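Working notes, structure below.
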Amino acid sequence: IDINNLRSVTGGITTLDPGFKNTSSCESAITFLDGEKGILRYRGYSIEELAEKSDFLEVAYLLIFGELPTTSQKLQFHKDIKKTALVDEDVKKILDGFPRSAHPMGVLSALTSALTAFNPTSVNVSSEQDMYRAVCKILGKFPVLVAWAYRKEEGLPLAYGDNSLGYVENFIKMMFELPNEEYKMNPIVVNALDKLLILHADHEQNCSTSTVRVVGSSHAGLFASISAGISALWGPLHGGANQAVIEMLEAIKADGGDYQKYIAKAKDKDDPFRLMGFGHRVYKNFDPRANIIKVAAEEVLNDLGVDDPVLDIARGLAQEALSDDYFKSRNLYPNVDFYSGIIYRALGIPVPMFTAMFALGRLPGWIAQWKEMRLRKEPISRPRQLYTGAPLRAFVEESKR
Ligand code: ACO
């Protein structure tokens, strides 16, 4: 039976899979993930090799266009992105309307959606050239918005980048440059951030990526779809976990470092507390990104000479939980976000910005998935449901309710 007609052919049979735990929503040639074996590959290349040998812009090209770029393709791509790296000055007025206490993810989602209004030709993409232009625009403008969200929160004047720099260097400068001070680029910071962004760049049909595809399937434009993806990423069960991890580790530190107490809380079924940064819907053995990032976190802290007691708590907590039957029997391992926050902190990025950094990393994946969905002419996403409400009943007049 053709699954498209299952309901009509069988007189109503449908699949019910809350959370889509075992439902594929599409075919995709972008990212391969084997949760049992802990394998992650972008377009066939292992994440370990990409993290070691590639850079973020190259990985973005690979995800979006399917192949690693030649030198000239890479230069042209970067040039086309740089051309678009200004944001309409009126966007600053929207940013002005937010209080400084606004969460950067809320700001980012709103500003990304607002980009649609300032770039109306990016909405109705009908050719691959239109798509290419929209893709370059969002890759150029998004780092500006992330940096602005940060600078707003810090009360710093908004800055534009320096087009003579690489993609990641430029972003770092936009974030951290202070007025009247020459910014000195630290290669350790560039390298660590490059690696983190690569590790986050795509992860097949996760919550935010599925959101981007679902929203895009109605032919809403790329920027609107990405804005919806940002909102989905914000939640603590998804991208917001990196913020939640550091907040949890800080709370343990303030509580005298007693991580056993928190492990016990996480195991207590009457307590809603979960160990943040533990467990994953797909990885049931280990998260290959966590292995890479754990090593990177140790390196960055050593290289920058940062002595962070929170890392000691993270180490102790992970070791203890990994040998605990509760976590072992449920295949709960540290995920990528267990360690990413430690690096962000060492780089001087404030905690509320962590998920925005994740969004910057995930941007190429969202774009690649949106583009694939559009090029494959996928139908509009429209799941069905099993209705469990009241049967037909007569309307009750207000006086008789
Ligand atoms: N701490 C304690 N127990 C947990 C945890 C945790 N972090 N994660 C799962 N469990 C338990 C559940 O209580 C459940 O136990 P039960 O079988 O006794 O009822 C069992 O493990 C299975 O958990 P589910 O919630 O069914 O697993 P699901 O695949 O739906 O959820 C998720 C995955 C959301 C990642 C979950 O593990 C979680 O909440 N983790 C903490 C948040 C987190 O780190 N999120 C980041 C994910 S990675 C990312 O988005 C980049």
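In the neighborhood of residue 99, defined by Cβ-to-Cβ distances under 14 Å, what is the net charge if each Lys or Arg adds +1 and each Asp or Glu adds -1? Don't jump to the answer; show the numbers that get you there.
Working: positive: 100, 152; negative: 96, 153, 154.
Computed value for this residue: -1.
Quick one: net charge of residue 58's neighbours, Cβ under 11 Å, K/R +1, D/E -1? Don't skip to the end; give the middle numbers.
Working: positive: 53, 74; negative: 55, 67, 194.
That sum, taken over residues with Cβ under 11 Å, equals -1.
Quick one: which residues, 5 or more positions from residue 39 or on another chain, have an amide H under 5 Å from its amide H? H modelled 1.01 Å from N in the peptide plane, none for Pro or chain starts.
Amide H neighbours of residue 39, under 5 Å, 5+ apart: 34.
How big is the gap, in Å, between the Cα center of the range 104-167 and the Cα center of the range 213-240?
Each part reduced to its Cα centre gives a spacing of 15 Å.
Sorted by average packing, counted as other Cβ atoms within 10 angstrom per residue and highest first, what order do 350-363, 34-47 take?
Packing order, densest peptide first, comes out as 350-363, 34-47.
Provide the net charge surrounding residue 161, with neighbours chosen by a C-beta distance below 13 Å and charges set as Lys +1, Arg +1, Asp -1, Glu -1. Provide the component values of the computation, followed by the final result.
Working: positive: 82, 83, 141, 151, 173; negative: 162, 169, 177.
Net charge around residue 161: +2.
So what's the Cα pair-distance distribution over the chain, bin width 10 Å, in %?
Histogramming the chain at 10 Å steps yields 4, 21, 31, 25, 13, 5, 1, 0 percent.
For the chain, what does -39500 (n - 2.57) per DSSP helix run (n ≥ 4), summed and divided by total residues, give at 222 nm, in deg cm²/dmol to the nearest 500? The partial results should precede the final answer.
Details: 18 runs with 221 residues, N = 401.
Helix contribution divided over all residues of the chain: -17000 deg cm²/dmol.
What ³J(HN,Hα) values, in whole Hz, does the Karplus curve 6.51 cos²θ - 1.76 cosθ + 1.60 give for the range 175-182 when θ = phi - 60°, with x put for Gly and Pro?
6, 9, 5, 9, x, 6, 9, 6
Which ³J(HN,Hα) values in Hz, rounded to whole numbers, follow from the phi angles of the range 38-44 under the Karplus curve 6.51 cos²θ - 1.76 cosθ + 1.60, where θ = phi - 60° and Gly and Pro get x?
x, 10, 9, 9, 9, 6, x
Can you run phi through the Karplus equation (6.51, -1.76, 1.60; θ = phi - 60°) for the range 147-161 and list ³J(HN,Hα) in whole Hz, with x for Gly and Pro?
Residue by residue, the range 147-161 yields 5, 5, 4, 5, 5, 4, 4, 8, x, 9, x, 6, 10, 9, x Hz.
Which order results if 71, 121, 116 are arranged by neighbouring Cβ count within 10 Å, fewest first? Show your work: numbers first, answer last.
On the way: 71 7, 121 11, 116 18.
Going from least to most buried by this count: 71, 121, 116.
Under 5 Å between amide H atoms, partner at least 5 residues away or on a different chain: which partners does residue 335 have, H built in plane at 1.01 Å?
For residue 335, the qualifying residues are 278, 279.
If contacts are Cα pairs under 8 angstrom and at least 6 residues apart, what is the relative contact order of the chain in percent?
Numbers: 516 pairs, mean separation 90.3, N = 401.
That works out to 23 percent.
Throughout, read-outs are computed from the coordinates displayed, never taken from laboratory work. The shown structure was predicted, so the numbers you read here are calculated from the model rather than taken from an experiment. In this analysis, Cβ positions are derived from the backbone assuming ideal geometry, glycine residues included, and neighbour counts consider all displayed protein chains.
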